[in-house]
1. Taking the 0 to 90 degree range and rounding to the nearest ten, how far is the long axis of helix 273-284 tilted relative to the main principal axis of the chain, both from C-alpha atoms?
2. Counting alpha carbon pairs within less than 8 Å and at least 6 residues apart, what relative contact order, in whole percent, applies to the range 105-162?
3. Which three extents, in whole angstrom, do the alpha-carbon atoms of the chain cover along their principal axes, largest first?
4. Compute the angle between helix 107-119 and the longest alpha-carbon principal axis of the chain, please, reported from 0 to 90 degrees and rounded to the nearest 10.
5. Remind me, relative contact order of the chain in percent, using alpha carbon pairs under 8 angstrom and six or more residues apart?
6. Give or take rounding to whole Å, what are the principal axis extents of the alpha carbon atoms in the range 228-360, in descending order?
7. What accessible area, in Å² to the nearest ten, does a 1.4 Å probe give for residue 337?
8. Taking only Cα atoms, what is the 0 to 90° angle, nearest 10, from helix 245-254's long axis to the longest principal axis of the chain?
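The values are calculated or read from the model by the stated rules, or taken from the named source; none is laboratory data. If you're wondering where the values come from, they're calculated on a predicted model, not measured in any experiment. So basically every Cβ, Gly included, is an ideal-geometry build from the backbone, and we count neighbours across all protein chains shown. Only protein heavy atoms, including side chains, enter the accessible area calculation; ligands, DNA and RNA are left aside. Shrake-Rupley method; radii C 1.70, N 1.55, O 1.52, S 1.80 Å.
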Amino acid sequence: MRFSFALCLALFLLISCTAAPTKHQVSTIIDHVTILDGHGGPAIEDARVTIQGSRIAKIEPSTTAHFPTAGTIDGKGKFLLPGFIDMHAHLLFPRCTTGNEPISFDRALSEKAHSRQLDFGITTVRSPATPTVEGLKLRDDLNSGRVRGPRAFASAELINDPSLSDVQLRQIVRDALPYRPDYFKVYSRLRPEQVATVIDEAHRHKIPVIGHLQSTTWAQGVNLGIDHLAHSVDWSSDNLPVSARAAYAEARKTRSGFRARIDWLEAFDPDGADQSQLIAALARKRVSVDVTLIAYDGKFSPPEEDRYRRDPFLATVPELQSDWQQCTDSTSDWTADDFRRWQAAWPKLLRWVKRMSDGG
């Protein structure tokens, strides 16, 4: 059923979806179910939901008289709720590689994972970076029902080469247009003027831009007109207090990229005036922030807390489980003290995310 009835609950605030039924539509009743509408209101207990075709026709108390049908589902003890949306679900999964092998994407593994997403109630995914041809083909196959999985929105291939000229950047955007990307994505190595070029060209074609920024700060990206930001912070030295920038630059000379993020987070001031101005600009310009806290938790949790590789649900996708056990870990060079420092700084990142949420 692809949870279309659940998504309809969220979109129409439990009001009937006003689709005129036809005599050919199959009627399904979910009886004695508890409804959570996703808007923070009280649960609707012991409810009856009548679905005709793929649309909700009626929501009423289960005590209301009705004619039983063969398509009745007993929902007692169960919950009906809006479909979940994964805002950072890359459509094509890369396989684990060793040495200098090129990245290879596994379509069969990706299809299996997307089917499992649907089983867990994820009915919509956004892929913030996707190989343009193969990835957008998979998006189309998901949305047409040729592949089982959530509804998908997807970006073209990310753009991250700082050597590209204005003309080259605009051509990359134009070359992707026949594949109908839902977004373009600018990545961490692009300078502000390059980000500006991609945003300008994408917006000419009415396509929004997602930013995983670092050489360009979030504040610069917002001023340039970016539509969405990925991850919780930009890890840019320009986003630190002036007094802390030299020490962070020195730390980057001797520490790997991920280890240096400990130094960055220790120096970051989430309550600073610049951050307050950034939050106000994000809210005023309606720039969404996809915080991906699970990515940081997964990468930087101490080995004894590794909940992800040991997750029992991974057994249903053994290729992914095998890759996670074999691939090089981004924190493999971390010491016990590195993990301790990260855990001590982690609440600061959570406080920053809360500040953004409280700020709209």
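1. 30
2. Working: 73 pairs, mean separation 23.5, N = 58.
Dividing the mean separation by the residue count of the range 105-162 yields 41 percent.
3. 74, 47, 44
4. Computed tilt is about 60 degrees.
5. It rounds to 11 percent for the chain.
6. Reported extents, whole Å, longest axis first: 46, 35, 21.
7. 70
8. Approximately 90 degrees, to the nearest 10.
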